[in-house]
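Only one structure is covered here, and it is reproduced in the block below.
No value in this document is a laboratory result; all are computed from the given coordinates. What you see is a predicted model; the values in this text were computed from it and never measured. FYI the Cβ positions are ideal-geometry reconstructions off the backbone, even for glycines, and counts take in every protein chain you see.
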């Protein structure tokens, strides 16, 4: 599905339409519906970035391969954005907890204790090893 892109940069609507074998009006429709948000030049020409093209590929996959209509695509894109934001928040929270735990450990550790050494592999306790 991915179109061949040789350079990084911005692409005009005619080039994008040709690359993906779609009508320029389809791209305009996707913009009107809020699915795509290409930047504009001072002369009001649409410019599609590599990120816009990745999003377009996702949209076309949903539409062509899965038969999802525009309303469904909009919902899926919104859900995807929310999931990405939740993932960012979760990563931030995990990093906060990690630094907080390290800080508290260092504050409470006796001065003779060495550095924290991470486990190389997870420790598994089975019934046979627990009885020993």
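Things to note:
- Centroid-to-centroid separation of region 12-46 and region 57-113 [C-alpha atoms, Å]: 29 Å
- Cα pair count fraction exceeding 19 Å, expressed as % - region 32-114: 61 percent
- Here the spin labels are modelled as points 7 Å beyond Cα on the Cα-Cβ line, and at residue 103 and residue 69 they lie 5.2 nm apart.
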